[in-house]
Amino acid sequence: MTRIFQHHENVYKAADSVQRHGYAAIEGTLSSAVPYCKRVIHVLSVYKEVLARMSYLNVPKQGYLYFVYDGSKFTLAEVEPLILAVDLRSSF
């Protein structure tokens, strides 16, 4: 399991999470989280085996989380419960 990344953190940490765990949850609004997600996807673009995708999910503690996931490891339906679990573990 991973943690929630802040939009001001180094994108390589989130990219590493996608490589290791298959996903990275990102906290922030549309204007801050989406550009961060796009930077993570750009970093992952050099890895042919990673099919980086971006999405968001309404969650109980944070309200919503954006996330990047590896489409070659998970479908959207498979990764959403993992994002929910990260949210429930967070100390919001």
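Every number in this text was worked out from the coordinates using simple rules, so none of it is lab data. Fair warning: this is a prediction, and the values are worked out from it, not measured in the lab. Positions of Cβ are backbone-derived with ideal geometry, glycine not excepted, and every protein chain shown enters the neighbour counts.
Among the residues making up region 47-92, those that are of a type in the set (S, T, N, Q) and without any contact (Cβ under 8 Å) to a residue 60 or more places away in the chain are Ser55, Asn58, Gln62, Ser72, Thr75, Ser91.
If only residues of region 25-79 that are among the β-branched types (Val, Ile, Thr) and out of contact with any strand residue (DSSP E or B) (no Cβ under 7 Å at 6 or more places or on another chain) are counted, the one that is nearest to Arg89 (Cα to Cα) is Thr29. Scanning region 13-31 for residues that are of a type in the set (Gly, Ala, Ser) and in a helix (DSSP H, G or I) yields Ala14, Ala15, Ser17, Ser31.
Going by the structure shown, is Tyr36 in contact (Cβ under 8 Å) with a residue 24 or more places away in the chain, surrounded by fewer than 20 Cβ atoms within 10 Å (Cβ to Cβ) and either farther than 18 Å from Thr75 by Cβ or acidic (Asp, Glu) (or both)?
So Tyr36 fails the test.
Of all residues in region 51-66, which are of a type in the set (A, V, I, L, M), in contact with a helix residue (DSSP H, G or I) (Cβ under 6 Å, 6 or more places away or on another chain) and not in a strand (DSSP E or B)? None; the set is empty.
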